[in-house]
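Remarks on the structure that follows.
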Amino acid sequence: MPLSMAARVALIALGLAWVTVEVRQSRVVRAEASLADRGSRRVVVLAIGAGVLAATAVARYVPAAAIPPSAALGWIGFGLLVTGMALRIWSIRTLGRYFTFTVQTSGDQAVIAAGPYRVIRHPGYAGLLLVSAGIGLLLANWLAEIVVIAAAATGLVYRITVEERALLRDLGPAYREYAATRARLIPFLW
């Protein structure tokens, strides 16, 4: 998609800042928590990584699915990408020490219902889905868009299933009550 040089520089700067936050956060471990990850961290990383690589290949080798160049579509992709990054960072900041890259829970853990968690149970994962959708649009190929979103969604659905089991086990009725009033990933849908 045609983006101005300023937009490309902004995208690179935002991407680097986001990667810095993600790398720093990936090192957080809660010593008091029990690990309940069941390989979900690896599944999410592989699903999103494979989705981006496959979508990039599709955009290059399946030109029949190309989207005609449009500055508006480029800006929509850019907007989804930035919105997803912002939602993910907001989620990390809201959960604070409870946000870890591996599923870790403890009985004394509070249910957080502030910030983006007022609306959905897994806004950090919703942010990753928005980033994926933005990447797909920036690749300017409808099939690439479908591939990258489907891959990310597959990994995230597994992760959410694992995480919710652990939260229900360790947070019990408090999490069950919270979950009853909020969708998992997409408001009003799931």
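The values are calculated or read from the model by the stated rules, or taken from the named source; none is laboratory data. Quick caveat, the model's predicted, so the values are computed rather than measured. Note that we place each Cβ from the backbone using ideal geometry, even for glycine, and neighbour counts take in every protein chain shown.
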Would you say residue 56 is in contact (Cβ under 8 Å) with a residue 40 or more places away in the chain and not in a helix (DSSP H, G or I)?
-> no
Flagged in the stretch 156-190 as touching a helix residue (DSSP H, G or I) at 6+ places or on another chain (Cβ under 7 Å), surrounded by fewer than 16 Cβ atoms within 10 Å (Cβ to Cβ) and not aliphatic (A, V, I, L, M), in numbering order, are 176
Would a scan of the stretch 117-125 turn up a residue that is at pLDDT 95 or above, part of a strand (DSSP E or B) and of a type outside the set (Asp, Glu)?
-> yes
Is the stretch 99-110 home to any residue that is charged (D, E, K, R) and crowded, with 17+ Cβ neighbours inside 10 Å?
-> no
The stretch 23-44, subset in a helix (DSSP H, G or I) and touching a residue at least 60 places away in the same chain (Cβ under 8 Å), residue surrounded by the fewest Cβ atoms within 10 Å (Cβ to Cβ) = 26
Within the stretch 179-186, is even one residue among the hydroxyl-bearing types (Ser, Thr, Tyr) and in contact (Cβ under 8 Å) with a residue 24 or more places away in the chain?
-> no
For the stretch 64-71, does any single residue satisfy the condition of being free of Cβ contacts under 8 Å to residues at least 40 places away in the same chain, closer than 17 Å to residue 152 by Cα and surrounded by fewer than 16 Cβ atoms within 10 Å (Cβ to Cβ)?
-> no
Give me a count of the residues in the stretch 1-22 that are surrounded by 13 or more Cβ atoms within 10 Å (Cβ to Cβ) and either among the aliphatic types (A, V, I, L, M) or farther than 25 Å from residue 150 by Cα (or both).
-> 7
Report yes if residue 102 is part of a loop (DSSP other than H, G, I, E, B), of a type in the set (Val, Ile, Thr) and under 16 Å from the mean Cα position of the chain (by Cα), otherwise no.
-> yes
Taking the stated definitions as given, is residue 80 assigned to a helix (DSSP H, G or I) and touching a Pro at 6+ places or on another chain (Cβ under 9 Å)?
-> no
What number of residues in the stretch 154-187 are among the basic types (Lys, Arg), assigned to a loop (DSSP other than H, G, I, E, B) and within 17 Å of the chain's Cα centre (by Cα)?
-> 1
Of these, 125, 117, which one is buried (at least 21 other Cβ atoms within 10 Å of the Cβ), at negative phi and among the aromatic types (Phe, Trp, Tyr)?
-> 125
What single numbered condition from (1) without any contact (Cβ under 8 Å) to a residue 60 or more places away in the chain; (2) part of a helix (DSSP H, G or I) fails to hold for residue 92?
-> (1)
